[in-house]
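Q: Before I ask anything, let me first share the structure, which is written out below as structure tokens.
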Amino acid sequence: MKLAVVSLNSIWEDKQANLEEVERIVQTLNQKVEYVIFPEMSLTGFSVSNLALAEDFENSNSIRAIQKLAKENQMNIVFGLMISSGDKKYNSCIAVNNKGEIAGNYEKVHLFSYSGEDSLITGGTQLKSIDWEGGWGLSICFDLRFPELYQELSKENLILLNIANWPKTRVTHWRTLLNARAIENQSFMIGVNRTGVDGNGLEYEESSCVFSPKGEKTEPFEISEKVKIFDLNLEEAMEYRKNFPIKKDRRNSIYREFYS
């Protein structure tokens, strides 16, 4: 399975400029990969206070543009966008398949109260898996600190994905948590982070990466300034789970008592 992770330097609140860059990158990847993944709030940066950036999910120009791009290039695309539904706004991870159809939409469950995200955005209430090859479990940025989410997602998915705007000041946490989620769930853990400096003055370090089900950092076979291309062998995850079946030792009935 060939996929590209894009460490996009999202231009602050400029959807058109970011969309043009997304289109350029996807077109350069044509026929090289099956999947391409962009960071959280790909077209705006993490500007949760500007609620005017939200787009109605059923009538979104940005989603339509990505659908057209995916169909024309026969590529599966994952990207982040603030969407609206009625009077509520959500920080979403949207997956579009290579036919230009929406394969899934995940609304961020764990909101980053430290930044005030929880006072502006509505938290999602459902986990989301995509039935792409191997099964994909979706998550966004701050979700990474909550391992329970990934235990549930990994029941049916060999690939766990987190798209983020994770600042350089805490990038050691980012890499460590991605590694931990891979190890404890025996899944490929893909983290896609932005780069550059955002409109709040936060700096981001190029840190997009993939960890194997054994917790080993997977090396890309091709690297450019913004893009890393990986070739994942899903049989590795299936074989490892079979040979080292730690999930069968989980005691879910006791865990439920802890959280009741």
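Q: Which of the following residues is assigned to a loop (DSSP other than H, G, I, E, B), among the small types (G, A, S) and in contact with a helix residue (DSSP H, G or I) (Cβ under 9 Å, 6 or more places away or on another chain): G215, G191?
A: Values: G191 fails: assigned to a loop (DSSP other than H, G, I, E, B).
Answer to the selection: G215.
Q: Moving on. With respect to the numbered conditions (1) at pLDDT below 95; (2) assigned to a strand (DSSP E or B), which one is the sole condition not fulfilled by G80?
A: (1) is the only condition that G80 fails.
Q: Working only within the range 171-201, note down all residues that are among the charged types (D, E, K, R), within 18 Å of the chain's Cα centre (by Cα) and within 23 Å of L158 (Cα to Cα). Before the answer, list the steps.
A: The initial filter retains those residues of the range 171-201 that are among the charged types (D, E, K, R), namely 175, 181, 184, 194, 198.
When the remaining residues are screened for being within 18 Å of the chain's Cα centre (by Cα), the result is 175, 181, 194.
Once the filter is applied, which keeps residues that are among the charged types (D, E, K, R), within 18 Å of the chain's Cα centre (by Cα) and within 23 Å of L158 (Cα to Cα), the range 171-201 yields R175, R181.
Q: From the list E133, E152, E156, which one is part of a helix (DSSP H, G or I) and either more than 22 Å from S60 (Cβ to Cβ) or out of contact with any strand residue (DSSP E or B) (no Cβ under 6 Å at 6 or more places or on another chain) (or both)?
A: Numbers: E133 fails: part of a helix (DSSP H, G or I); E156 fails: part of a helix (DSSP H, G or I).
Every option except E152 fails the conditions.
Q: Could you check, for the range 22-29, whether at least one of its residues is of a type in the set (S, T, N, Q), closer than 28 Å to I223 by Cβ and not in a loop (DSSP other than H, G, I, E, B)?
A: Our first condition is that a residue be of a type in the set (S, T, N, Q); within the range 22-29, this holds for 27-28.
Filter once more, so that each one left must be closer than 28 Å to I223 by Cβ: 27-28.
Cutting the leftovers down to not in a loop (DSSP other than H, G, I, E, B) gives us 27-28.
Checked the range 22-29: at least one residue is of a type in the set (S, T, N, Q), closer than 28 Å to I223 by Cβ and not in a loop (DSSP other than H, G, I, E, B).
Yes/no per residue for (1) out of contact with any Asp or Glu (no Cβ under 9 Å at 6 or more places or on another chain); (2) under 27 Å from D118 (Cα atoms); (3) touching a residue at least 12 places away in the same chain (Cβ under 8 Å):
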| site | (1), (2), (3) |
| --- | --- |
| S10 | no, yes, yes |
| A17 | yes, no, no |
| P39 | yes, yes, yes |
| L43 | no, yes, yes |
| S47 | no, yes, yes |
| S60 | yes, yes, yes |
| K68 | yes, no, yes |
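Q: Give the residues of the range 49-102 that are surrounded by fewer than 17 Cβ atoms within 10 Å (Cβ to Cβ) and farther than 27 Å from T28 by Cβ, sorted by residue number.
A: Matches in the range 49-102: S49, N50, L51, A52, D56, E58, N59, S85, G86, D87, K88.
Q: Being assigned to a helix (DSSP H, G or I), among the acidic types (D, E) and under 22 Å from L138 (Cβ atoms) narrows it down to one residue among E236, E257; which is it? Before the answer, list the steps.
A: Numbers: E257 fails: under 22 Å from L138 (Cβ atoms).
Result: E236 is the single residue among E236, E257 that is assigned to a helix (DSSP H, G or I), among the acidic types (D, E) and under 22 Å from L138 (Cβ atoms).
Q: Of everything in the range 203-239 that's touching a strand residue (DSSP E or B) at 6+ places or on another chain (Cβ under 8 Å) and of a type in the set (S, T, Y), which residue is surrounded by the most Cβ atoms within 10 Å (Cβ to Cβ)?
A: S208
The values are calculated or read from the model by the stated rules, or taken from the named source; none is laboratory data. What you see is a predicted model, and the numbers here were worked out from it, not measured in a lab. No Cβ is skipped: glycine too gets one built from the backbone with ideal geometry, and neighbour counts run over all protein chains shown.
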